[in-house]
Amino acid sequence: RGGYGIYYDAVLFRALSNSTSGDRISSTTVNNPGYPDPGSPTLRGRTVTLAPNVNRMPATLRTPHTHQASVGVRQALANFAFSVDGVWAQGYNLLRTRDLNYPDLDDPSRPRPDLAYNRIRIRETEGHSWYRALLVGLQKRHERRHSYGLAYTFSRPERDTEDWEFLPNDQRDYGAERGPASSDARHRL
């Protein structure tokens with residue numbers, strides 16, 4: 001047996017809604033706060049303005065989708081059925097976040113291009129996922145009011161993004177983020 005399909009995801013409307021309203025909503029992050037409160041209107045007699053974080057919409061959004069294929073065999077032996085399946089899936093256009101105001105990591109002072117803002121986040125559909133698995137099963141057919149089954153999965157799920165709020169360690173190299181997905185369970189019995 002075998003199969004192949006392309007499966008499309010519903011775009012997360014809340015994520016898109018948050019992005020479109022991003023210019024009306026801002027947040028401020030205070031790193032290493034001290035005393036007096038850095039958010040107070042005056043700090044030692046001078047006015048303090050903290051740079052806000054904002055969200056922006058990308059020019060284009062593509063629908064996340066996955067190409068999936070499987071091939072397998074099932075063999076009956078007496079009262080038992082044995083099966084082996086290989087599964088492959090690759091995801092495209094997964095949601096992730098990019099900072100348009102990303103600091104210059106080569107400069108020790110880490111300046112941001114636009115000093116009026118801290119982070120300028122944009123939601124984009126550029127992420128990927130990879131999944132490979134081997135499924136092995138053994139079933140004892142129904143006999144004397146009982147049937148039994150045993151299943152084992154050996155899999156490797158990988159991603160270069162986790163969700164639409166994902167920010168990489170270094171957004172200059174998203175490929176370096178490829179690694180085990182948060183749902184990774186290599187062996188499952």
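The values are calculated or read from the model by the stated rules, or taken from the named source; none is laboratory data. This is a predicted model, so every value here is computed, not measured. Cβ coordinates were reconstructed from backbone atoms using ideal geometry, including for glycine residues, and neighbour counts include every protein chain displayed. The accessibility values were calculated without ligands, DNA or RNA, using every heavy atom of the protein model including side chains. Shrake-Rupley method; radii C 1.70, N 1.55, O 1.52, S 1.80 Å.
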Open item on the list: Can you tell me how many residues within the stretch 88-109 are of a type in the set (Gly, Ala, Ser) and on the phi > 0 side of the Ramachandran plot?
Closed with: 0
Task: Hey, ALA133 free of Cβ contacts under 8 Å to residues at least 40 places away in the same chain and farther than 12 Å from LEU95 by Cβ or not - done: no
TODO: For residues that are part of a loop (DSSP other than H, G, I, E, B) and either in contact (Cβ under 8 Å) with a residue 12 or more places away in the chain or of a type in the set (Phe, Trp, Tyr) (or both), tally how many sit in the stretch 68-89.
DONE: 1
TODO: Confirm whether ASP170 is among the acidic types (Asp, Glu) and farther than 29 Å from ALA69 by Cα.
DONE: yes
Open item on the list: Against the conditions (1) open to solvent by less than 90 Å² (accessible area, probe 1.4 Å); (2) under 24 Å from the mean Cα position of the chain (by Cα), where does ALA116 fall short? Just the number, please.
Closed with: (2)
Open item on the list: So, in the stretch 150-161, how many residues would count as being in contact (Cβ under 8 Å) with a residue 40 or more places away in the chain and either open to solvent by 50 Å² or more (accessible area, probe 1.4 Å) or at positive phi (or both)?
Closed with: 1
- [ ] For residues that are touching a residue at least 12 places away in the same chain (Cβ under 8 Å) and farther than 23 Å from SER183 by Cα, scanning just the stretch 136-149, find the one that is least open to solvent (accessible area, probe 1.4 Å).
- [x] LYS140
Open item on the list: Please go through the stretch 68-112 and give me each residue that is open to solvent by less than 40 Å² (accessible area, probe 1.4 Å) and over 30 Å from SER147 (Cβ atoms), ordered by number.
Closed with: GLN90, GLY91, ASN93, LEU94, LEU95, ARG96, THR97, ASP99, ASN101, PRO103
Task: Considering residues of the stretch 58-67 that are part of a loop (DSSP other than H, G, I, E, B) and buried (at least 16 other Cβ atoms within 10 Å of the Cβ) only, the residue modelled with the lowest pLDDT - done: LEU61
Task: Out of PRO111, PRO168, sole residue that is part of a loop (DSSP other than H, G, I, E, B), touching a helix residue (DSSP H, G or I) at 6+ places or on another chain (Cβ under 7 Å) and not small (Gly, Ala, Ser) - done: PRO168
- [ ] Scan the stretch 56-63 and give yes if some residue there is of a type outside the set (S, T, N, Q), free of Cβ contacts under 8 Å to residues at least 60 places away in the same chain and over 26 Å from GLU177 (Cβ atoms), otherwise no.
- [x] no
Open item on the list: When you check ASP170 against the structure, is it over 30 Å from ALA78 (Cβ atoms), open to solvent by 60 Å² or more (accessible area, probe 1.4 Å) and modelled with pLDDT under 90, yes or no?
Closed with: no
